[in-house]
Amino acid sequence: MKPVEPIFVSDLFPPLHAELLALLRGLSDDDWHKPTLCALWNVKDIAVHLLDGDLRKLSVYRDHFFGTPPNNISSSRDLVTYLNQLNAEWVQAAKRISPRVLIELLEQTGRDVSELMRSLDPFAPSIFSVAWAGEKTSLNWFDTAREYTERWHHQQQIRLAVGAADVIMRRELYFPVLDTFMRALPFTYRMVQADEGTLLQVDITGEAGGVWFLLCTNNTPPAWQLFFHGEGQPTATVSIPQDIAWRLFTKGIEPARAETMMRFTGNEALGKHVLTVLAVMA
């Protein structure tokens with residue numbers, strides 16, 4: 001068995017951001033108002049949200065400025081509620097920003113964020129943990145990978161809305177997103193009872209895909225570990241098309257609909273728990 005390894009994506013921020021700027025500069029006036037997978041947000045709203053992510057990242061990680069701290073955060077649900085409120089407030093305020101101004105701001109913040117990501121020690125503790133992976137503390141490499149998935153999947157939401165979805169699906173840019181999302185599997189399965197040695201195989205099919213293995217290493221209490229290479233016959237196998245995978249893990253498709261496009265063999269109950277994986281704070 002080969003355990004999964006750290007994911008280093010700091011060099012991917014500039015090319016991903018370049019694709020975003022090229023996309024936004026080519027939008028028509030109508031494109032900015034098109035609906036997206038985010039029910040309450042149109043294309044411009046998502047671009048505004050990306051700008052907010054850049055500004056918050058720079059403020060906290062570069063300038064060590066945290067703004068007004070939240071009150072009464074005692075659970076993950078409280079945190080999600082707080083973040084949703086922040087996001088909604090920013091999107092509403094940015095209604096007065098023109099697309100041209102938005103692009104100009106993103107050009108600068110994207111460049112600054114790329115420089116910031118390259119400057120971080122990947123093995124130093126991150127300011128924030130990757131909560132959807134169940135971590136109380138995380139290293140910078142994981143937090144940086146999480147930030148990359150945020151920028152990738154929000155850009156992809158815009159691309160899907162305007163009919164330009166294939167551009168960032170190439171392996172160079174998409175595989176690291178999938179590899180990062182897979183780190184949610186052990187936390188997702190933390191309450192699943194199984195015999196020690198139970199092995200789940202998850203295949204993401206397509207040019208950017210890969211194969212991951214989740215092994216039950218303890219049954220009382222349940223404990224699961226993620227690997228790149230498995231040994232022995234899988235108890236269950238799940239096959240997910242790459243076009244569906246990112247949407248499933250970011251609430252971009254209903255699990256019941258995604259299930260009809262996936263393939264399950266072996267212990268279906270074990271395999272179908274993959275439908276509950278969530279790799280965003282939502």
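Please treat every number below as a calculation from the coordinates, not as lab data. The structure displayed is predicted, hence computed values, not measured ones. Cβ atoms come from the backbone with ideal geometry, glycine included; neighbour counts cover every protein chain shown.
What to note about this one:
- Mean projected area in nm² (Cα convex hull; one quarter of hull surface) for the chain: 14.9
- Charging the Cβ of each Asp and Glu at -1 and of each Lys and Arg at +1, and nothing else, the dipole of the chain about its Cα centre rounds to 400 debye.
- Considering only Asp52, Asp112, Asp166, the mean-square fluctuation computed in a Gaussian network model of the chain, springs between alpha carbons under 10 angstrom, is largest for Asp166.
- Plainly put, segment 184-276 has a radius of gyration that is 0.95 times its Kirkwood radius, both from alpha-carbon atoms, as the Rg/Rh ratio.
- P(r) of segment 113-170 over all Cα-Cα pairs, binned every 5 Å from zero, in whole percent: 5, 17, 22, 17, 15, 13, 9, 2
- Of interest is the spacing of the C-alpha centroids, which for segment 210-281 and segment 1-62 amounts to 26 Å.
- Among beta bridges that DSSP assigns inside the chain, antiparallel share in %, nearest 5: 75
- Of the beta bridges in segment 184-276, as assigned by DSSP with both residues counted there, near 75 percent are antiparallel.
- Proportion of all alpha-carbon pairs of segment 69-217 beyond 24 Å (%): 50
- The phi-based Karplus calculation (6.51 cos²θ - 1.76 cosθ + 1.60; θ = phi - 60°) puts the 3J(HN,Hα) values of segment 4-10 at 5, 10, x, 10, 10, 10, 4 Hz, whole numbers, x for Gly and Pro.
- Span-like helix ranges in the chain, DSSP H, alpha carbon extent 27 angstrom or more, Kyte mean at least 1.0: none
- Within the chain, helix-based [θ] at 222 nm, where runs of 4 or more DSSP H residues each add -39,500 (n - 2.57), nearest 500: -13500 deg cm²/dmol
- Extension gain for Lys272 to Gln193 (0.36 nm times residue separation, less C-alpha to C-alpha distance): 27.0 nm.
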